[in-house]
Amino acid sequence: MDFLTFLQISDTAVRFAIPLLFACLAGLFSERAGIFDIGLEGKMLAAAFFSAAIAALTGNVWIGLLAGIGASIALSIIHGLASITFRGNQLISGVAINFLAAGLTVLIAQDWFSQGGRTPSLSDFGPNARFTKIELPFAIGPTEAEAAGQPLSILIKEATWFQQIYSELISGHSILVYVGFLMVPLTWYVLFRTRFGLRLRAVGENPAAVDTAGVSVVGLRYAAVAICGILCGMAGAYLATGLQAGFVKDMSSGRGFIALAALIFAKWRPWYALWACLLFGFLQAMALRPDAVERLVQIDIPGQLLDALPYILTVVILAGFVGKAIPPRAGGEPYVKER
Amino acid sequence: MDVIPKWADALLIPLISILIAFAISAGVIVAIGEDPVAALNTMVTGALGSSYGWGYTLYYATNFIFTGLAVAVAFHARMFNIGGEGQAMLGGVGVALVCLFIPFPHWILALPVALIGGALFGAAWAAIPAYLQAKRGSHIVITTIMFNFIAGSLLVFLLVEVLKPAGAMDPATAKFPEGTHLPTFQDMFSFGEKPAFRGAPANVTFFIALLSCFAVWLLIWRTRLGYAIRAYGHSEPAALYAGISPTKIIMIAMLISGGLSGMMAINAVMGEAERLVLNSVEGAGFIGIAVALMGRSHPLGVLLAALLFGFLYQGGAELSLWTNVPRELIVVIQALVILFTGALDNMVRMPLEKLFLLFRRKAPEAATTVAKPAE
């Protein structure tokens, strides 16, 4: 595998890692506050549909993004009602939310667009209907290629290795990709350097202590679940308006669960989450390039193995063979005040 | 002290929950511009109006009985087995291997062997998460989810690279030999001129599903092992104190659960498709969750819930055939049933408890006021 092929795969890996990263950080907020969330998948899917649908209807992707976040928060509130207010089983609620999103998106898509449960392609709705690629200054992009009158691939091939990394890997992503990377330090700061973060983490470890200190457990948990909704909304919006141009049925295709896997892999820490998501994104990108993988390792690895690798890795981690993943202590349990 | 009488806990709460779920589903149908009454009509005629419809309804119900029982048995040990989907896929592999590679003269012989094959493979797929939960404390929900995806990839690999007959295009095994053909309802119940259940996939497996319901009831409420499973599910420390080994209970409950999921393949793979295809499970593993929650983990409840979901599944297919309502309506209904009978259970229970307390408090008061004048 030559350097440029590696860069191309890495570029794809970054784009695949971003929805995982948003969803993973979403799960991080929720689970650190003691609310298990296996409904990441469903929230992402709902956000993907509503962002694409509203972007198609208004021609403005930013309104689409807001709609996606709104849909995701609505599902978060259902999860909050079930698991915080009514002290139900958080896992069952998550399962229900996944199915609710899977069904409702297709139902509404069919009703609105009559295209067999998908939205029309966003590229037909003007330049503002989806997140376009940003060219960073001094990077070689389509404009430079046009000016030079040569195909982009040749220009990049002839550039220096530094310029190759800059143009191929770092430049040319949509804005949500850069926002996603910024979310990592932001999440770290909020969770580990603010009063809110300390309380949020405390409520996931020992809610009774937080309650004794006079801080509302219910309020904190709802806040965490709402943040989870916002981040899942961005994950879904990126899927439908950044990575692809429109919504198709079941387009999240298990990404919410891979994000969950990444969260465990990262042991519920923001920076580790970034590396875990990049790793899983890289695995997904490699599954798309079996030729390059075969040249690299000299044996024929079935693509299905690469597909399954994130899940296998997670099971290995969960089994405690490579370091132990310890979840927040009060995770999954509703808080009952009077005992 | 129980606040709510037993009959209300077993019947009233699930009934109210399901009514809420159905009311919202009707609202969804109205919201997408269709008439819920007409939709229900289409569903009832499509699923129950003919022996053909019944044949499909009972076929789906058979799948859901197996997966529902699987989830229910795990629930009794307080394990949430989301892995029914993957376990049923692997069960399909087991059934396919048995049917393809052992030459059976007659289905009477093929059925028990295939049953064992499916159950063994399903149980084996549940065994790893169970072992990790019992010995290493890995959360069974997460591991079974992961195992669903791993099973999916494994199945694709097996069908594309190993089991696909040479020269075939679609990822599926060869057709099973004649000796493994299970009698369908059409074969069994067509007397006289006109064939009943014509072309419908319901087959003899339905009766095995009914037997399984009875067997699970026997196991859970009439055996020492069932008692141990329930004891462990109610309180782990108490079970430990009574000398019940948690490892053993987790393993056994999950093996039975996986085995039941795997047995679903008898119906779907051996009875209907007669070869192993990629999506033979069709989400039945997940519907098992809704079925078990709705049936309150009791075999009789599971049976009734599975019949209801069989009706919904077949009715939904008819609905998407004749109207503009996609099949996904069933997924929405399924989600709402899981939500209201599972996660939002307390939303119905809390007000009901208050209501019952109110009546209970009033009753003795009334008794004393009557008694006073007599004094």
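Restricting to the stretch B:296-327, and then to whatever is part of a loop (DSSP other than H, G, I, E, B) and over 25 Å from B:Thr45 (Cα atoms), can you tell me which residue is least open to solvent (accessible area, probe 1.4 Å)?
Restricting to residues being part of a loop (DSSP other than H, G, I, E, B) and over 25 Å from B:Thr45 (Cα atoms), the top hit is B:Ser297.
Quick grid of which residues meet (1) among the β-branched types (Val, Ile, Thr); (2) more than 30 Å from B:Ile24 (Cα to Cα); (3) in contact with a Pro (Cβ under 6 Å, 6 or more places away or on another chain); (4) modelled with pLDDT of 85 or more:
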{"position": "A:Ile73", "(1), (2), (3), (4)": "yes, no, no, yes"}
{"position": "A:Leu81", "(1), (2), (3), (4)": "no, no, no, yes"}
{"position": "A:Phe86", "(1), (2), (3), (4)": "no, no, no, yes"}
{"position": "A:Ala102", "(1), (2), (3), (4)": "no, no, no, yes"}
{"position": "A:Leu155", "(1), (2), (3), (4)": "no, yes, no, no"}
{"position": "A:Tyr166", "(1), (2), (3), (4)": "no, yes, no, no"}
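Among the residues of the stretch A:149-178, those that are open to solvent by 70 Å² or more (accessible area, probe 1.4 Å) and aromatic (Phe, Trp, Tyr) comprise A:Trp161, A:Phe162. If I filter the stretch A:237-246 for residues that are closer than 19 Å to A:Arg32 by Cα and assigned to a loop (DSSP other than H, G, I, E, B), do I get at least one hit? Checked against the condition, which is being closer than 19 Å to A:Arg32 by Cα and assigned to a loop (DSSP other than H, G, I, E, B), the stretch A:237-246 yields no hits at all. The residue that is farthest from the chain's Cα centre (by Cα), counting only those in the stretch A:96-109 that are facing another protein chain (nearest Cβ under 7 Å) and of a type outside the set (Val, Ile, Thr), is A:Leu107.
For the stretch A:205-215, the criterion of being touching a Pro at 6+ places or on another chain (Cβ under 9 Å), surrounded by 14 or more Cβ atoms within 10 Å (Cβ to Cβ) and modelled with pLDDT under 95 is satisfied by at least one residue. Screening A:Ser76, A:Ser93 for residues that are surrounded by 24 or more Cβ atoms within 10 Å (Cβ to Cβ) and at the interface with chain B (Cβ under 7 Å from one of its Cβ atoms) leaves exactly one candidate, A:Ser93. The single residue among A:Asp300, A:Asp250, A:Asp291 that is free of Cβ contacts under 8 Å to residues at least 24 places away in the same chain, within 14 Å of chain B (Cβ to nearest Cβ) and open to solvent by 40 Å² or more (accessible area, probe 1.4 Å) turns out to be A:Asp300.
Of all the criteria given as (1) farther than 19 Å from B:Leu210 by Cβ; (2) away from every other protein chain (no Cβ under 14 Å), the one not satisfied by B:Ala61 is (1). Is it the case that A:Ile317 is among the β-branched types (Val, Ile, Thr), crowded, with 19+ Cβ neighbours inside 10 Å and free of Cβ contacts under 8 Å to residues at least 60 places away in the same chain? Considered against the rule, which asks whether it is among the β-branched types (Val, Ile, Thr), crowded, with 19+ Cβ neighbours inside 10 Å and free of Cβ contacts under 8 Å to residues at least 60 places away in the same chain, A:Ile317 comes out as yes. Residues in the stretch B:147-200 that are open to solvent by less than 50 Å² (accessible area, probe 1.4 Å) and among the polar types (S, T, N, Q): B:Asn148, B:Ser153, B:Thr173, B:Thr180, B:Thr184, B:Ser190.
For first residues located in the stretch B:31-59 and within 21 Å of B:Phe197 (Cβ to Cβ), partners that are β-branched (Val, Ile, Thr) and surrounded by 15 or more Cβ atoms within 10 Å (Cβ to Cβ) and lie 6+ apart or on another chain with Cβ distances below 7 Å form the pairs B:Thr42/B:Thr323; B:Ala47/B:Thr57; B:Leu48/B:Thr57. Of all the criteria given as (1) touching a Phe, Trp or Tyr at 6+ places or on another chain (Cβ under 7 Å); (2) within 13 Å of another protein chain (Cβ to nearest Cβ); (3) not basic (Lys, Arg), the one not satisfied by B:Pro299 is (2).
Considering each residue of the stretch B:257-285, count those that are crowded, with 24+ Cβ neighbours inside 10 Å and part of a helix (DSSP H, G or I), and give that number. The total comes to 17. Only one of the numbered conditions (1) within 20 Å of the chain's Cα centre (by Cα); (2) under 20 Å from A:Ala235 (Cα atoms); (3) open to solvent by less than 30 Å² (accessible area, probe 1.4 Å) is violated by A:Ala56, and that is (1).
Tell me yes or no: at least one residue of the stretch A:129-136 is within 14 Å of chain B (Cβ to nearest Cβ) and open to solvent by 30 Å² or more (accessible area, probe 1.4 Å). No, the stretch A:129-136 contains no residue that is within 14 Å of chain B (Cβ to nearest Cβ) and open to solvent by 30 Å² or more (accessible area, probe 1.4 Å).
Conditions (1) in contact with a Cys (Cβ under 9 Å, 6 or more places away or on another chain); (2) in a helix (DSSP H, G or I); (3) among the hydroxyl-bearing types (Ser, Thr, Tyr); (4) open to solvent by 20 Å² or more (accessible area, probe 1.4 Å), marked per residue:
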site: B:Gly92; (1), (2), (3), (4): no, yes, no, no
site: B:Val95; (1), (2), (3), (4): no, yes, no, no
site: B:Leu100; (1), (2), (3), (4): no, yes, no, yes
site: B:Pro103; (1), (2), (3), (4): no, no, no, yes
site: B:Pro112; (1), (2), (3), (4): no, yes, no, yes
site: B:Gly117; (1), (2), (3), (4): yes, yes, no, no
site: B:Phe121; (1), (2), (3), (4): no, yes, no, yes
site: B:Ile128; (1), (2), (3), (4): no, yes, no, yes
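How many of the residues in the stretch A:19-42 are in a helix (DSSP H, G or I) and small (Gly, Ala, Ser)? Within the stretch A:19-42, residues that are in a helix (DSSP H, G or I) and small (Gly, Ala, Ser) number 5.
Taking the stretch A:73-179 as the region of interest, the helices (runs of 4 or more DSSP H) fully inside it that hold 1 or more residues being free of Cβ contacts under 8 Å to residues at least 40 places away in the same chain and closer than 21 Å to B:Ala31 by Cα are A:90-113.
The values are calculated or read from the model by the stated rules, or taken from the named source; none is laboratory data. It should be emphasised that the depicted structure is a prediction, and the values quoted were computed from it without experimental measurement. For neighbour counting, all protein chains shown are included, and Cβ atoms are generated from backbone atoms with ideal geometry for every residue, glycine included. When the accessible area is computed, the model is the full protein with side chains, heavy atoms only, and any ligands, DNA or RNA have been set aside. Shrake-Rupley method; radii C 1.70, N 1.55, O 1.52, S 1.80 Å.
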